Each structure stands twice: as C-alpha cells, then as structure tokens.
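Peer 1: Have a look at this one.
The values are calculated or read from the model by the stated rules, or taken from the named source; none is laboratory data. Everything quoted here is computed from the prediction, not taken from an experiment. Because the Cβ atoms are built from the backbone with ideal geometry, glycine has one as well, and the counts that use them run over all protein chains shown. For the accessible areas, the whole protein counts, side chains as well, though only heavy atoms, and no ligand, DNA or RNA atoms are used. Shrake-Rupley method; radii C 1.70, N 1.55, O 1.52, S 1.80 Å.
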Amino acid sequence: MKKEKSCGAVVYREGEQGPEILLIQHKNGGHWAFPKGHVEKKETEAETALREIKEETGLKVDLCTEFRKTVTYSPKPNVMKDVIYFAGKAKKKEAKAQPEEVLEIRWESPAAALSLVTYATDREVLQAFLQFLEEHP
C-alpha cells in the first residue's frame, strides 16, 4: 500500500458579516474544497500548506497549526492518502486562481461554504474549523 500526504488549510478572512471561507473548485475532478497539495522533499506540513495556498490562490496567510485536522482516503487502488488541514487567515482580501489547478475561487459565508463543499469529510473539517474559530476568536 502506497502512502501519500498533502497539506493545506481552511483559509478565511474577516468580512462585513463575519468570517468568510475561501473555497476553490479544483480543475482535477471539479470538486469544491480547500487549497492543498503534496508535500515536497523535506518540507514540513506547515511549509507545504503555505506554499500550496500561495500557488493555488496567490494568498499569503497567517497559519495556525493549533488547528490540525486529518482526512484519510484512498484516491486510487493501493494508495492511502492523508490530507492535513490547518487554519489560515488571509493577509489580503483578493485571491487569484492558479489556472493550471483551479477553475474558480469563492469567498463564502460559513453556511454557504458548508453547502458548497463537495465531500462530507471536508464538511467535517469545515465544521471543526468553525467550532475552533468560535472558541479562539
């Protein structure tokens, strides 16, 4: 069984009505989720998350590793993949999609983000993040 590992973050910003969640529509599969990507060489999980967020959205974020959730699934036969998600507060408001990997970027309210996210496991990560945000404003 081959193991793969990706890292990313639930990225958010403060909007006029409260927090707004960044969602990206991935070119590979068309699903709505969070920015993430494979760990390269000797990167730490946090370094991977920061690099992937910057590559896919153009955003720099303040990464909070105190929030850490893992999703494990099998993307293809004989492969198990762990995706580690942190929390990331955007340092600027505007994101720019990386055309090679991202079809669309949206900032959504928590309720809209929960309904737009494609996979149940990502909804669970988002719900855990929203709980974390309430407890750590």
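Peer 1: Give me D for region 1-84 in µm² s⁻¹, whole number, from Stokes-Einstein with Rh from the Kirkwood sum over alpha-carbon pairs, 10 °C and 1.306 mPa s. All intermediate terms of the calculation are to be shown ahead of the outcome.
Peer 2: Details: Rh = 13.8 Å.
Approximately 115 µm²/s, per Stokes-Einstein.
Peer 1: Take every Cα pair under 8 Å in region 1-51 that's 6+ residues apart, average their separations, divide by the length, and report that relative contact order as a whole percent.
Peer 2: 40
Peer 1: Each label point is 7 Å from the Cα along the Cα-to-Cβ direction; what then is the distance between the points at Gln131 and Lys92, in nm?
Peer 2: Going by the 7 Å Cα→Cβ label model, 3.5 nm.
Peer 1: Now, a different point. At a probe size of 1.4 Å, how large is the accessible area of Arg123, to the nearest 10 Å²?
Peer 2: Roll a 1.4 Å probe over it and Arg123 shows about 80 Å².
Peer 1: Which pairs, out of Lys3/Lys91; Lys36/Lys76; Lys69/Lys91; Lys2/Lys89, put more than 28 Å between their alpha-carbon atoms?
Peer 2: Values: Lys3/Lys91 33 Å; Lys36/Lys76 18 Å; Lys69/Lys91 22 Å; Lys2/Lys89 33 Å.
The answer is Lys3/Lys91; Lys2/Lys89.
Peer 1: Fully extended, how many nm does the chain gain between Thr65 and His31 (0.36 nm per residue separation, minus their Cα-Cα distance)? Please list the in-between numbers first.
Peer 2: Working: separation 34, 0.36 × 34 = 12.24 nm, distance 2.50 nm.
Residue separation times 0.36 nm, minus the Cα-Cα distance, leaves 9.7 nm.
Peer 1: Say we join alpha carbon atoms closer than 10 Å with springs in a Gaussian network model of the chain; which of Pro110, Pro99, Pro75 then has the biggest fluctuation?
Peer 2: Ranking Pro110, Pro99, Pro75 by mean-square fluctuation puts Pro75 first.
Peer 1: Sticking to Cα atoms, compute the Rg of region 71-125 to one decimal and its Dmax as the biggest Cα-Cα distance, whole number, in Å.
Peer 2: Calculated on Cα positions, Rg and Dmax stand at 13.9, 40 Å.
Peer 1: Shifting gears a bit: What full-extension length gain, to one decimal in nm, is calculated for Lys76 and Thr118 as 0.36 nm per residue of separation minus the Cα-Cα distance? List each step's numbers first, then the result.
Peer 2: Numbers: separation 42, 0.36 × 42 = 15.12 nm, distance 1.82 nm.
Extra length from Lys76 to Thr118 when fully extended: 13.3 nm.
Peer 1: Now for a separate question. Thr44: accessible area at probe 1.4 Å, nearest 10 Å²?
Peer 2: Estimated to the nearest 10 Å², Thr44 gives 70 Å².
Peer 1: Given R₀ = 35 Å, FRET efficiency for Met1-Glu104 by Cβ-Cβ distance, to 0.05? If you can, show how the numbers build up before the last one.
Peer 2: Values: r = 34 Å, r/R0 = 0.97.
E between Met1 and Glu104, to the nearest 0.05, is 0.55.
Peer 1: Pick from Ala49, Ala120, Ala33 the residue whose mean-square fluctuation is largest in a GNM of the chain, springs joining Cα atoms under 10 Å.
Peer 2: Ala120
Peer 1: Here is a further query. Round to the nearest 10 and give me the degree value, 0 to 90, for the angle of helix 120-135's Cα axis relative to the longest principal axis of the chain.
Peer 2: So the inclination is approximately 40 degrees.
Peer 1: Dimensions of region 8-137 along principal axes (Cα, Å, largest first)?
Peer 2: 45, 30, 30
Peer 1: Averaging sequence separations of C-alpha pairs under 8 Å and six or more residues apart, then dividing by the length of the chain, give the relative contact order as a whole percent.
Peer 2: Values: 280 pairs, mean separation 45.1, N = 137.
Worked out over the chain, it gives 33 percent.
Peer 1: Treating the angle as unsigned and between 0 and 90°, give the value, to the nearest 10°, between the Cα long axis of helix 45-57 and the longest Cα principal axis of the chain.
Peer 2: The angle comes out at about 70 degrees.
Peer 1: Any idea of the accessible area per residue across region 20-77, 1.4 Å probe, to the nearest Å²? Working shown, then result.
Peer 2: On the way: 3060 Å² over 58 residues.
I get 53 Å² per residue for this part.
Peer 1: Please report the accessible area of Val83 (heavy atoms, 1.4 Å probe, ligands and nucleic acids excluded) in Å², nearest 10.
Peer 2: Number for this one is 0 Å².
Peer 1: A further question follows. Rounded, prolate or oblate: which fits region 8-54, taking a ≥ b ≥ c as square roots of the Cα gyration tensor eigenvalues, rounded meaning a/c under 1.5, else prolate when a/b beats b/c?
Peer 2: Values: a/c = 4.08, a/b = 1.46, b/c = 2.79.
Oblate, because a/c is 1.5 or more while a/b does not exceed b/c.
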